[in-house]
1. So which residues in region 165-194 are surrounded by 12 or more Cβ atoms within 10 Å (Cβ to Cβ), within 16 Å of V144 (Cα to Cα) and not basic (K, R)?
2. I'd like to verify a number: residues in region 421-432 that are touching a residue at least 40 places away in the same chain (Cβ under 8 Å) and surrounded by fewer than 18 Cβ atoms within 10 Å (Cβ to Cβ), how many?
3. Do you know which of the residues in region 370-410 that are among the polar types (S, T, N, Q) and in contact with a strand residue (DSSP E or B) (Cβ under 7 Å, 6 or more places away or on another chain) is farthest from R297 (Cα to Cα)?
4. For region 243-257, what are the residues that are surrounded by fewer than 20 Cβ atoms within 10 Å (Cβ to Cβ), assigned to a helix (DSSP H, G or I) and out of contact with any strand residue (DSSP E or B) (no Cβ under 6 Å at 6 or more places or on another chain)?
5. What are the residues in region 443-473 that are closer than 24 Å to L404 by Cβ, at pLDDT below 75 and either in contact with a Ser or Thr (Cβ under 6 Å, 6 or more places away or on another chain) or polar (S, T, N, Q) (or both), if any?
6. I'm told T318 meets every condition in (1) under 30 Å from K112 (Cα atoms); (2) surrounded by 16 or more Cβ atoms within 10 Å (Cβ to Cβ) except one. Can you identify the failing condition by its number?
7. Given the criteria part of a loop (DSSP other than H, G, I, E, B), of a type in the set (D, E) and more than 21 Å from I314 (Cα to Cα), does D146 qualify?
Amino acid sequence: MNIGFKEDLTNEFKSDKKKLPDSDIIDAVVAFANTNGGDLYLGVEDDGEITGLHKEHTDAVQLAAFIANKTVPPVTVDVEKRDDNTYIKISVPKCRSIVASSSGKILRRRIKADGTPENVPLYPHEIHSRLSDLRLLDFSAQCVPDSEYSDLDDTERERLRNVIRSYNGEKALLELDNEELDKALRLVDDIDGKLKPTYTGMLLIGRPDRLRLRIPTAEASFQVMNGTNVVMNESVNLPILAAFEKISTFMDARNSEEEIEMGFFRISVSDYNKRAFREALVNAFCHRDYTMLGSVRVLLDDNGLTISNPGGFIEGVTLENLLTVEPYGRNLALADALKRIGLAERTGRGIDRIFEGSLLYGKPLPDYSESNDVMVRLFIPKSLPDRDFTRLISEEQNRLGHELPINSLLVMNELKRNRRASIAELSDSTHISESKLRITVENLVESGLIDAIGSGRSRYYTLSADVYKQSDNLTGYVRQTGIDKIRYPEMILKFAETNNGIITRKDAADLLRLNVQQAYRILKKMADEGKLIPEGTGKGACYRIKQ
């Protein structure tokens with residue numbers, strides 16, 4: 001008999017025909033606890049064949065107690081025994097600390113190149129990363145081993161002061177002398193009366209030669225591809241502020257702009273929103289795992305912009321909750337310093353700015369779907385702005401005197417993309433709770449940006465008539481409110497209401513996607529019923545709503 005599935009990161013099979021050694025059971029439990037948790041199936045071969053338990057492993061209570069006694073801290077597992085004693089499932093939780101066997105072994109699970117799992121040592125440098133992921137350690141606040149205060153660079157410190165001036169950072173920081181500034185931003189720590197650079201200090205203002213020696217993983221690269229041809233491939237081994245400045249210069253030279261007319265005004269729209277790019281690049285530097293090899297990579301190719309960094313999402317962050325989860329970074333001291341000097345979003349919601357950079361112009365949303373456990377990869381598609389949508393959002397923001405909330409932009413984008421949606425459908429697509437969405441959509445209805453159709457469970461939303469008027473697509477608006485034949489009269493009246501009270505045969509034909517003769521019959525029937533009044537003849541013929 002076969003168990004019916006294969007081994008993976010959270011499932012492990014162990015043969016027990018010859019009594020699996022106790023140490024192997026403990027090693028598997030420790031590895032699960034130090035990764036994502038999982039299930040250990042005792043009495044199952046690697047190919048999934050169930051071959052049975054050894055008689056000494058049939059007592060579930062005894063087995064759970066043994067595991068707790070042989071792990072540090074004790075791991076509480078759930079042991080589920082099959083009635084026929086063919087196998088046992090040992091469910092191991094993901095632990096909130098580093099777990100070791102009582103003999104001192106610390107292991108983790110990983111997937112090999114062939115797709116099968118294995119248990120490997122959790123090395124000392126990886127422990128820092130694991131604790132950071134679990135929000136138990138701020139790696140960036142630790143002192144850099146064997147470093148000296150002289151490893152910090154006065155030139156880079158002056159660059160930091162210029163960033164504060166340019167990006168409206170905390171002006172009070174500019175009044176501090178160098179040592180006071182370093183302490184205020186946690187660039188140094190006082191160890192036995194001596195100032196020692198922290199990882200934050202070395203990463204922000206370290207001397208480039210000392211940075212390469214002390215933190216060799218602090219690398220970045222900027223690449224430009226034209227098809228399969230490499231146009232540019234520049235490595236940047238500099239402190240973050242200098243690297244940020246250099247990469248931004250490279251990007252600015254390749255980020256073309258176009259202007260959109262707004263009455264007497266014009267707005268400039270870049271291929272890639274500059275504020276969104278800044279936040280994305282800062283996020284990559286700020287949230288990368290500096291214990292891992294690899295670099296912050298910026299790639300421009302025919303399809304768009306990719307920004308990637310080593311280190312997966314922090315504990316609790318997923319693709320679904322990116323825009324709703326409480327902000328929390330891997331390197332808190334570094335993030336705090338970048339916020340205070342003005343380079344990073346002060347609220348910690350830089351991700352909102354990244355999405356906003358596309359939403360404001362009706363462009364495809366940023367894509368994080370290629371991120372995994374060891375890498376965060378952001379892709380921003382290259383596309384032209386939706387001019388009508390851009391005008392609409394810009395005018396509304398000018399009217400309000402402030403920016404539209406990110407949730408409002410997400411709803412508008414979803415309705416632009418899918419034409420009509422209910423609260424439940426909007427919640428599924430935006431990953432915003434229904435309670436928050438109801439507030440958002442009602443505010444948008446009040447502002448005239450969207451319309452509510454129907455009531456109760458059948459209530460749904462569309463972009464408003466004014467939105468479609470701006471793009472000369474009024475029939476598109478009315479069509480979204482329903483296409484059933486029984487609703488043809490309602491749609492005709494709705495069109496007329498938004499078109500100075502009149503509708504022509506051609507309007508009705510375009511609206512209902514019928515030929516002119518079919519549209520005429522519907523209009524004539526509505527006139528016979530007293531709902532419309534025919535006016536004029538020939539090309540000037542139309543129907544007016546009866547008042």
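1. D182, L185, L187, V188, D189 - these are the residues of region 165-194 that are surrounded by 12 or more Cβ atoms within 10 Å (Cβ to Cβ), within 16 Å of V144 (Cα to Cα) and not basic (K, R).
2. Qualifying residue count for the region: 1.
3. That would be S394.
4. First, pick out the residues of region 243-257 that are surrounded by fewer than 20 Cβ atoms within 10 Å (Cβ to Cβ): 245-246, 248-250, 252-257.
Pick out the ones that are also assigned to a helix (DSSP H, G or I) and you get 245-246, 248-250, 252.
Within region 243-257, E245, S248, T249, D252 meet the criteria.
5. A465, Q470, S471, N473, listed by residue number.
6. Unmet condition: (2).
7. In short, yes.
One line per residue, one yes/no per condition, for (1) in a strand (DSSP E or B); (2) at pLDDT 95 or above; (3) within 36 Å of the chain's Cα centre (by Cα); (4) within 17 Å of K112 (Cβ to Cβ):
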| position | (1), (2), (3), (4) |
| --- | --- |
| G4 | no, no, yes, no |
| K19 | no, no, no, no |
| D27 | no, yes, yes, yes |
| L40 | yes, yes, yes, no |
| D46 | no, no, no, yes |
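The values are calculated or read from the model by the stated rules, or taken from the named source; none is laboratory data. This one's a predicted model, so the numbers in the text were calculated from it and none came from an experiment. Note that each Cβ is placed from the backbone with ideal geometry, even for glycine, and that neighbours are counted across all protein chains shown.
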